[in-house]
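Visitor: This structure is in structure tokens; I'll ask about it shortly.
Taken together, the values in this text are just the output of simple stated rules run on the coordinates, not laboratory data. These numbers were taken from a predicted model, which means no experiment stands behind them. As a convention, Cβ positions derive from the backbone with ideal geometry for all residues, glycine included, and neighbour counts pool all protein chains shown.
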């Protein structure tokens with residue numbers, strides 16, 4: 001493994017992607033500091049479960065705190081200098097951001113600015129990896145999304161906050177020489193996926209024999225990317241040194257129709273879905289399709305997990321959670 005013997009800060013390190021990244025970093029013999037606030041966007045017990053094994057590792061330190069709190073960030077940076085900072089903490093979700101846009105901007109923009117301020121002040125060379133999103137591309141039709149495409153028409157406050165985060169990263173690079181890689185993630189899925197996301201939500205409802213809501217006619221497409229491939233891209237970005245500022249897509253480059261995604265879950269569960277048709281949500285992107293040629297060229301990134309295999313892995317994990325829940329004493 002690479003990335004050994006480093007002091008790494010992972011914000012949002014108890015979450016879906018973050019906890020998988022921490023698995024890798026600890027296995028590679030790094031010291032890992034995690035900042036997470038365990039907010040109530042979804043049940044905090046899910047995140048607590050993600051880090052059970054991490055807490056047993058002496059190379060792991062959890063700091064519960066908020067990105068926007070100078071006091072909490074001072075506690076984090078008392079563990080500096082960091083060789084790398086991977087910034088994954090954010091208020092997530094397109095539809096919820098429509099309800100409380102100011103909160104999304106506060107956490108995702110102000111929090112990122114405060115984190116960057118502390119990174120720049122630590123007085124030590126540090127690679128900064130920012131978790132951005134394919135949502136920055138806005139509404140498109142059938143072409144691949146390239147890093148050179150315009151991103152000035154976001155469809156949601158969440159997307160706007162991620163664009164702002166990328167711009168903040170560039171400002172820190174320009175004014176302080178901070179080496180930065182912004183990674184635009186494309187619909188990440190797999191074990192530990194957030195319960196509000198479609199694959200997790202659908203699997204839970206189909207397994208329970210309850211109806212699912214399908215927005216639109218099922219022909220919207222997403223470039224689903226398995227979480228292990230995303231972690232591979234992140235760790236390769238941490239190693240990248242050829243240039244000091246890059247924006248790079250991390251996807252699979254093979255969009256899947258919504259109706260085919262549902263069919264894959266049905267097949268993996270061995271159960272049919274009862275579908276309630278709903279109008280397409282205006283803030284949802286009808287289509288995502290990652291051009292990953294830059295990731296291949298600069299990072300040597302190559303997704304390894306097919307969508308079908310990833311769904312099987314997710315369903316196996318989800319079924320094991322159900323088994324554990326059912327076997328637990330009341």
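Visitor: Would you work out if the range 1-79 is rounded, prolate or oblate? Take a ≥ b ≥ c from the square roots of the eigenvalues of the alpha-carbon gyration tensor; rounded if a/c is under 1.5, else prolate when a/b is larger than b/c, oblate otherwise.
Guide: Verdict is oblate for the range 1-79.
Visitor: Here's something else I'd like to know. Using only Cα atoms, find the angle between the long axis of helix 157-176 and the longest principal axis of the chain, and express it within 0 to 90 degrees, rounded to the nearest 10.
Guide: 20
Visitor: Further, regarding this structure: How big is the C-alpha Rg of the chain next to the rule-of-thumb value 2.2 N^0.38 Å, as a ratio?
Guide: In units of the 2.2 N^0.38 Å rule of thumb, it is 0.96.
Visitor: By per-residue mean of other Cβ atoms within 10 Å, what is the highest-first order of 88-99, 154-165, 274-285?
Guide: Ranked by mean Cβ neighbours within 10 Å, highest first: 154-165, 88-99, 274-285.
Visitor: Using just the helices of the chain, give the 222 nm mean residue ellipticity in deg cm²/dmol: DSSP H runs with n ≥ 4 each add -39,500 (n - 2.57), and the total is spread over all residues, rounded to 500.
Guide: Per the formula, -12000 deg cm²/dmol.
Visitor: Just to confirm the number: angle between the C-alpha axis of helix 258-269 and the first principal axis of the chain, 0 to 90 degrees, nearest 10?
Guide: The helix 258-269 is inclined about 80 degrees to the chain.
Visitor: So for the chain: antiparallel DSSP bridges make up what percent, rounded to the nearest 5?
Guide: 5
Visitor: Mind telling me which of 197, 183, 35 comes out most flexible in a GNM of the chain, alpha-carbon contacts under 10 Å?
Guide: Result for the chain, Cα springs under 10 Å: 197 fluctuates most.
Visitor: Right, here's the next one. To the nearest 10 degrees, how steep is helix 198-207 against the longest Cα principal axis of the chain, on a 0 to 90 scale?
Guide: So the inclination is approximately 40 degrees.
Visitor: GNM on the chain, C-alpha springs below 10 Å: top fluctuator among 253, 300, 13?
Guide: Ranking 253, 300, 13 by mean-square fluctuation puts 300 first.
Visitor: Any idea how far the Cα center of the range 1-51 sits from the one of the range 55-130, in Å?
Guide: The distance from the Cα centre of the range 1-51 to that of the range 55-130 comes to 12 Å.
Visitor: Next question. Given the options 249, 57, 175, state which has the largest fluctuation in a GNM of the chain using a 10 Å cut-off (strictly under) for Cα springs.
Guide: For the chain, modelled as a Gaussian network with Cα springs under 10 Å, the answer is 175.
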